[in-house]
Amino acid sequence: MQELNNKIAELLTNNLVSIFISYKKGLNGKIKPAFFTKPNEVYENYFGDEAQQNLAVYVHKPEVKKYSKVGILANIFALKALLQLYAENQIKDNYLTIVTVNQDNKVIVFADFNEIESYIAQHQIEKNTNKQKEINELLSLSREKRWEFWVEQLSSCIKCYACRAICPMCYCSKCTVELNQPQWISVPAHSLGNFEWHIMRMMHLACRCINCQECSRVCPMNIPLHLLTTKINSDMEEEFGQIAGMKTTLDFALNTFKVDDYENFIR
Amino acid sequence: MSDFEPKIIAFVCNWCTYAGADLAGTSRIKYAHNIRIVRFPCTGRIDFMLLLKAFQSGADGIIVSGCHPADCHYTAGNYHARRRWIVFQNLLNFLGIDTRRITFSWVSAAEGAKWGHLVNEVVDNIKKIGPYTEYAKLGKIGIGSISEGNYARIE
Amino acid sequence: MSRIGVFVCHCGENIGATVDCAEVAKMAKDFPGVAFSIDYKYMCSDPGQTLIKEAIKEHNLTGVVVAACSPRMHEPTFRKVAAEAGLNPYLCEMANLREHCSWVHYKDKSTTLKAAELVRMLVEKVKLNTPLYPIKVPVTKTALVIGGGIAGIQTALDIANSGHKVIMVEKSPSIGGHMSQLSETFPTLDCSQCILTPRMVEVAQHPNITLYTYAELESLDGFIGNFKATIKLKAKSVDHSVCNGCGECSAKCPIKKIPDEFNAGLGTRPAIYVPFPQAVPNKPVIDRDNCTYFRKNGKCGLCEKICPTKAIDFSQKDEFITVDVGAVVVTTGFDIKGTDFFPEYGYGKYKDIITGLQFERLASASGPTLGEIRRPSDGKIPQNIVFISCAGSRDPAKGIDYCSKICCMYLAKHAMLYKHKVHSGKASVFYMDIRAGGKTYEEFVRRAIEEDEVNYVRGRVSRIYEKDGKLIVKGVDTLLNSYPVEIEADMVVLGTAGIANPESESLAQKLHISYDQYHFFAEAHPKLRPVETNTAGIMLAGACQFPKDIPDSVSQASGAASKVSALFSQNELTRDPLIAFVNKNTCVGCFMCQSVCPYLAIEKEKIKAKDGSVIREVAKINPGLCQGCGTCVALCRSKSIDINGYSHKQVYAEVMSLFNERSLEYV
Amino acid sequence: MKILSGKIMNYKTLKIDNLDLFFNEIKKSGKNLLVPKKKGKTTYFSSFININDVEFNYIQTTISPKSALFPKVEELISFKKDDGTYVVTEPSIEKETIVFGLRPCDAVGLEYLSNFFLNEKSDFTVRLRKENTTLITLACKNFDENCFCTSVGLSPASIKGSDICLTDIGNGLFYAEIITDKGEKLIAEHSALFSNAEKINKESYVAQVPLKFDSDNLIKNIKNYYNSEKWTINSLPCLGCGACAFVCPTCTCFNIEDEANPVCGTRLRCWDSCAFGIFTLHASGHNPRPIQSNRWRHRVLHKFGYSVTNMDTLSCVGCGRCIRVCPAGMNIIEQILDLQEA
């Protein structure tokens, strides 16, 4: 931790970053994002297992964008998110200083996104077999049972959009859900509107979701959104051999194609 | 259920399937009347949200049809659409939405007869499965129904 | 508030007999936003059009739905009508009551109801239509003609003669195509070569025509008026700028036994060859697949040694050139089924069963027999010859449902030529029907039957087998109560089906044009736009569209040429404005749309602050390149891209309007 | 500012073992009974089915019981085309509802909420719901670091807004304070389950929530805080979701949506949140609260300032839900302490 704190303080002292996004402990003991602008604030910095939130989401925040140079402490999911965002043209060159702490507690400051790309390639996230099992169990149910399951789950959605807010990949300045000419998504949080919202969100995340499952974590209604993201991620991998957040180039599963993609479902 | 007349909506591309359906017409091939065709420039233009909207507006079945691979008037719209449908179909199926009601097909401008068969098959099939109300009903708000589902958590 | 006019056409009985048009018009009156609704016998007729125009003016309509035939048929007609009445043409939409309703359903209440719903769908759409204005793009006044057969030659000459540049690409070493292989032509029996060769020479010498033989289209990008064609110039291995065409090399080439394409396999040629004596250009190429030098790593090279002008160049490579053209005419011709296609006729193993094209070569004065009819097996003059029409054609069991159109006539011609050359011989023709529609065609066939005493037997030949050096042709005469007929023939000529070129599919993909189930290229409209394809700026002529005879090919070629000339008569082209556009305010600049655009029409645009600094980058669509497929529209997550004519609002309204009454059940 | 008052009509006791019977009797009588249930980390109110589903082990439910009066989506009117004319239907809410297990702070929150809707122009559906809803509060035995009812003038013993308030007094007994006629009526219907009791001092049976900040001081100084720079710094983590507003028992903002086609349709009222960027977005494109710190400030100032001006009461009851649910760890207590520190 000390090494990290020193690094952050150094970056701030030398004006290499004007703000550094990390974590700290809140009044209630909960770990929350911290925004350090002065070296003397860095003592509050916290990094550990409880520091879950994907901080990559803050690079979209207008208040953060006002700072000329931003430093960010990124866990592996944040790194993947940042790489994906870079591929999607959302991060200007030389704007971010990205810092991570590796498994040996060494502090790494990345020089560019190619370094992040190779770091991610070396630090594959193990697949959560429990989640895959949950998915397989759902898939083994009859269609009707699955429907009942999801109607129960999604009907409880209150459309607070915490899932969207926390998601680093949801950066549209105007989300489809906010459009009303035409009204693509029913605004009220009735089941129809909820289904539309979550289907739309998943389709828009397909090939882009880095599966940090922040949406699932923050859902006040405990909707198992991780099942959807895990499913869509494993689909992408199985059908098209694509995992999001792995490369600097903009060729994802849904904006490319292969002539021989399978089509046995097409008559 | 014998008098159930399903509502089928077809999203078709202008160059192949719409023309194929035209050919079915000029060839006087008879098929079930339950189909309503919406014309698009290309299958690539077909937004997946429209399929959901079709179910919402009461469609019992959906046909999405365009040019055969390699035949796309715009070179590759159908390939992009094909990928989109793979993902979409998997997702809907995972959510328990009845994907038997969505039929994807390639019908070329020369396949008037195939179009006729396809429509008949889909209509017959949907007649067997019955009307699709569970999705559209999601939008129903019971008046004053706190207990029936409008409470913070709906069961 | 919208004021939509609905015009329901009876199309005579076509719609009126199945759909209660008056009822549809009545129901349409109640659709929200409909200000006027009427039905009429023929909406596309003059009085029908006047009716629409007057209604637009009188009722101050803001949009028009013409419920009639397919928009692919009459949309331009009615949009023009709207424009003439002062309404923006793009405020007119068509509901397809004929092809999609009356012609495919029986007379029933449900059919009328469907018609009304189709109208409602389009009413909802047209309410959201916006006035659109055509896009102007410049035109490159050079045409690309692909294929140097008679259709290509005619097209090229017509375009060139109207003062425009033409680039002709021919895949074989010489232009001329199938017509150069023919002996005499029906119905006048004039020599094919005699009428064709002057045209071939004219092409080669025309100042407006650039000819690339032994070349193929590699790719085609762009759009009408502004195509970019990449042409592959196959290595000829002979420097044509030096070669004087003396022919020494061909004469000395040690490889001589290559089946000669020009003689339909009946003769042979060397590896360095000019396809035929009148070839244009009359200079050889090396067939590298058969040349010893290329097959055996530089051994041989005899031609190089003897060439007086040192024109042989083994080191030549395939070359690619890119040319700007404004229009493309596809005249790639056709192919025929071989005798090996017919198990019942011995799978092509009997040497004396030949195709019509092979007979042309036998009958041709420049052919392998110098015009004498001698059978391939032993060179004897056949005394009894049988011609079989519809070999493959009109035979669903063989997968060829269509009539190949030319066989009836050329078989009659063959029989006639045979009788003229072998006076003692007996000629029989097995036919299903004699299709001799054409100027003096019927008379021609009658002459064969009556003057030249050709024996016409109406019936199919079930089997041919060899017995004692004779070909036993077994068939029936259906005019004699299906009486079995058996002929001991010396030679049999099959009028095999004309089929699409094997490369037609890949060519169609390069050109982005559609083709039919038999892989013949598809015309934009079977009757009214027979020389255009569905891709603007690409025309068709000749047998690549369907088997056709020389007069038809030539007239279609002239038709295609005149389409091209009409296109080239303008400096600017007016394009349909049904293209995509970006909402700069909501575009987040992820540029995923760029990779899905097949036309590379999406560019990056910088949004700048007042001080010139870049705030952000957004997508921008080049209206000259966008073809309006809308793939980017459906891909864009924030729905920042929309498309004219099929906008989010419009298609949404169409979908949501469909089943209104169903939603009642949920309230 | 103390809002503890409320007149108690009667005192009873109820055996905790009889709760099952009580619930089942209510259910049998055809009334709708909402009880706390738990799913994963979320506690919420839902119809009573079985005593085993009822959750008793919670500091505070994740979701407030405000849906009892103000559901997340409700129909205001509906119409339907019938024989060429449109038939309009207004909602009728006749079914009686009993909410069990809300906390004393929630009861105050719901009172604020109904006052807001019924104050000047009586809201039709909220009034109907209010009339038909009986609240059985369960006084808190525990609290957590996010509870701050005592800082806003309440306490786990507050009875304001409740119809009946139950306190676990040990020995398997609930001490019931019957506060309103509605409460009295409900007890009367199930009188066999309740025994008469004397008034007791509840304080020793309820949680002692420490004071986090001085609300009197806050209210007094709130005008000075508008331009504080603390808003920006403190709101940097805020991501602009609506979770805080949607779990809040006193957040009343709503949005009216018409879902209709030419044949039929409904007018729906659904929750909205001032934390959303488009909440204040004008049609012109102008947004008076363009950045998140403005929105955060608005929310806090509304709770502690604007509602005091407009309705003479705080609109924060210290339930702490917004703190617990915030995806980014935003903490209203931290913000207030920061403001007061300056």
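Mean-square fluctuation check for chain B, GNM, Cα pairs under 10 Å: which of B:Val12, B:Val122, B:Val87 is largest?
Looking only at B:Val12, B:Val122, B:Val87, the largest GNM fluctuation is found for B:Val87.
Taking the mean number of other Cβ atoms within 10 Å as a proxy for protection, how do you rank C:603-611, D:48-56 from highest to lowest?
By packing density, highest mean first, the sequence is D:48-56, C:603-611.
Give me the percent of Cα-Cα pairs in the range C:531-617 that sit more than 19 Å apart, rounded to a whole number.
Tail fraction, whole percent: 63.
Going by Cα centres, the range D:19-40 and the range C:368-388 are how many Å apart?
102 Å
With viscosity set to 1.002 mPa s and temperature to 20 °C, compute the Stokes-Einstein D of the range C:337-499, Rh being the Kirkwood radius across alpha carbon pairs; µm²/s, no decimals.
Answer from the Stokes-Einstein relation: 137 µm²/s.
Please list, in order along the range C:461-477, the HN-Hα scalar couplings obtained from phi with the Karplus expression 6.51 cos²θ - 1.76 cosθ + 1.60 (θ = phi - 60°), rounded to whole Hz, x for Gly and Pro.
These are the phi-based 3J(HN,Hα) values: 8, 7, 7, 10, 9, 9, 8, 6, x, 10, 9, 8, 9, 9, x, 10, 9 Hz.
Hey, what's the per residue convex hull volume over the C-alpha atoms of the range A:1-120, in cubic angstrom?
100 Å³
Rounded to the nearest 0.05, what FRET efficiency do C:Gln205 and C:Glu372 have when you use their Cβ-Cβ distance and R0 = 45 Å?
0.85
Going by C-beta contacts inside 10 Å, put D:Arg299, D:Arg269 in order with the fewest on the left.
By the 10 Å Cβ count, ascending, the order reads D:Arg269, D:Arg299.
Considering chain A as a Gaussian network with a 10 Å cut-off on Cα pairs, which listed residue, A:Asp93, A:Asp104, A:Asp251, attains the greatest mean-square fluctuation?
Ranking A:Asp93, A:Asp104, A:Asp251 by mean-square fluctuation puts A:Asp104 first.
Chain D: D in µm²/s via Stokes-Einstein (Kirkwood Rh, Cα pairs, 37 °C, 0.692 mPa s)?
It diffuses with D of about 153 µm²/s by this estimate.
Taking the Cβ of B:Arg100 as the center, what net charge do the other residues with Cβ under 15 Å away carry, scoring Lys and Arg +1 and Asp and Glu -1?
Every neighbour counted, the sum reads 0.
Would you kindly work out the equivalent ellipsoid of chain B from its C-alpha gyration tensor and give its semi-axes, the square roots of five times the eigenvalues, largest first in whole Å?
Taking √(5λ) for each Cα gyration eigenvalue gives 31, 19, 11 Å.
For the protein assembly as shown, what is the calculated [θ] at 222 nm in deg cm²/dmol (nearest 500), taking -39500 (n - 2.57) for each run of four or more DSSP H residues and dividing by its residue count?
Dividing the helical sum by the residues of the protein assembly as shown leaves -9000 deg cm²/dmol.
Hey, fewest Cβ within 10 Å first, where do D:Met9, C:Met94, B:Met49 land in order?
D:Met9, B:Met49, C:Met94
Can you give the local net charge around A:Gln52? Use residues other than it whose beta-carbon is closer than 9 angstrom to its beta-carbon, Lys and Arg +1, Asp and Glu -1.
With Lys, Arg at +1 and Asp, Glu at -1, the neighbours total -2.
Seen from all sides and averaged, what is the projected area of the convex hull of the Cα atoms in the range C:165-264, in nm²?
9.3 nm²
Per residue of A:201-212, how many C-beta atoms from partner chains lie within 10 Å of its own C-beta, taken as a mean?
3
Peptide B:63-73: average number of partner chain Cβ atoms within 10 Å per residue?
4
With 24 Å as the limit, write out which pairs from D:Lys37/D:Lys130; C:Lys470/C:Lys548; D:Lys72/D:Lys95; C:Lys80/C:Lys125 have Cα-Cα distances beyond it, or answer none.
Correct reply: C:Lys470/C:Lys548.
Rounded to the nearest 0.05, what FRET efficiency do D:Asn57 and A:Glu10 have when you use their Cβ-Cβ distance and R0 = 51 Å?
0.60
Please report D:Cys270, C:Cys632, C:Cys194 as a ranked list, fewest other C-beta atoms within 10 angstrom at the top and most at the bottom.
Final ranking by Cβ density, sparse to dense: C:Cys194, D:Cys270, C:Cys632.
What FRET efficiency comes out for A:Asn130 versus A:Glu152 if R0 is 30 angstrom and r is the Cβ-Cβ distance? Round to the nearest 0.05.
0.90
Under a 5 Å amide H to amide H cut-off, with H placed in plane at 1.01 Å, what residues pair with C:Val429 once short-range neighbours are removed?
Those qualifying (amide H under 5 Å, at least 5 residues apart or on another chain) are C:Phe387, C:Asn455, C:Tyr456, C:Val457.
Using the alpha-carbon centroid of each, what span in Å lies between the range D:295-315 and the range C:546-564?
Centre-to-centre distance over Cα atoms comes out at 82 Å.
Over chain D, with a Gaussian network built from C-alpha contacts below 10 Å, which listed residue (D:Cys322, D:Cys147, D:Cys264) shows the highest mean-square fluctuation?
Maximum fluctuation in the GNM of chain D, among the listed residues, is at D:Cys264.
Jot down the radius of gyration and Dmax of the range C:4-132, Cα atoms only, both in angstrom.
Computed over the Cα atoms of the range C:4-132, radius of gyration and Dmax are 12.9, 38 Å.
Beyond 51 Å, what percent of the Cα pairs of chain C remain?
I get 27 percent for the Cα pairs in chain C exceeding 51 Å.
For a quick check: with amide H placed at 1.01 Å from N, whose amide H comes under 5 Å from C:His525's, ignoring anything fewer than 5 positions away on the same chain?
C:Glu532
Please compute the Kirkwood hydrodynamic radius over chain A, one decimal place, Å, based on all pairs of different Cα atoms.
Kirkwood hydrodynamic radius for chain A: 20.0 Å.
With θ set to phi - 60° and the Karplus curve 6.51 cos²θ - 1.76 cosθ + 1.60, what are the ³J(HN,Hα) couplings of the range C:119-125 in order, to the nearest whole Hz, using x for Gly and Pro?
With the stated coefficients, the range C:119-125 comes to 5, 4, 4, 6, 4, 4, 5 Hz.
Under the Kirkwood approximation applied to all pairs of distinct alpha-carbon atoms, what is the hydrodynamic radius of the range C:584-627 in Å?
Mean inverse Cα-Cα distance, inverted, gives 11.2 Å.
What are the residues whose amide H is under 5 Å from the amide H of C:Ile167, where those residues sit 5 or more places off or on another chain and H is modelled from the backbone?
Amide H neighbours of C:Ile167: C:Ala143, C:Leu144, C:Val145, C:Thr210.
Taking the dipole about the Cα centre of chain D, with the C-beta of Lys and Arg at +1 and of Asp and Glu at -1, give me whichever of D:Phe174, D:Thr252, D:Ser114 is farthest to the positive side.
D:Thr252
With no solvent and one equal point scatterer per Cα, compute the Debye intensity ratio I(q)/I(0) for the range C:235-317 at 0.13, 0.17, 0.18 Å⁻¹ and report its log10, rounded to two decimals.
Rounded to two decimals, the profile gives -0.35, -0.61, -0.69.
Which whole number gives the average count of other chain Cβ atoms within 10 Å of the Cβ atoms across peptide D:328-338?
4
Starting from the Cα gyration tensor of the range D:191-342, take the square roots of the eigenvalues, sort them a ≥ b ≥ c, and report rounded, prolate or oblate (rounded when a/c is under 1.5, otherwise prolate if a/b is larger than b/c, else oblate).
Oblate shape, in that a/c is at least 1.5 and b/c is the bigger or equal ratio.
From the phi angles alone, apply the Karplus equation (6.51, -1.76, 1.60; θ = phi - 60°) to the range C:101-116 and give each ³J(HN,Hα) in whole Hz, x where the residue is Gly or Pro.
9, 5, 7, 10, 10, 8, 5, 6, 4, 5, 5, 4, 5, 4, 4, 5
Bin width 20 Å, origin at 0, all Cα-Cα pairs of the protein assembly as shown: what percent of pairs per bin?
9, 28, 30, 19, 10, 4, 0
What are the chymotrypsin sites (Phe, Trp or Tyr not before Pro) within the range C:398-477 that DSSP puts in a loop, where the Cβ has at most 11 other Cβ atoms within 10 Å?
none
Between the range A:34-57 and the range C:485-539, how many Å separate their Cα centres?
Distance between centres, Cα-based: 70 Å.
Taking 2.2 N^0.38 Å as the expected size of a compact globular protein, what ratio does the Cα radius of gyration of the range A:29-183 give against it, to two decimals?
1.27
Read-outs: derived from the displayed coordinates by stated rules, not from any lab. These figures come from a predicted structure and were not determined experimentally. Cβ atoms come from the backbone with ideal geometry, glycine included; neighbour counts cover every protein chain shown.
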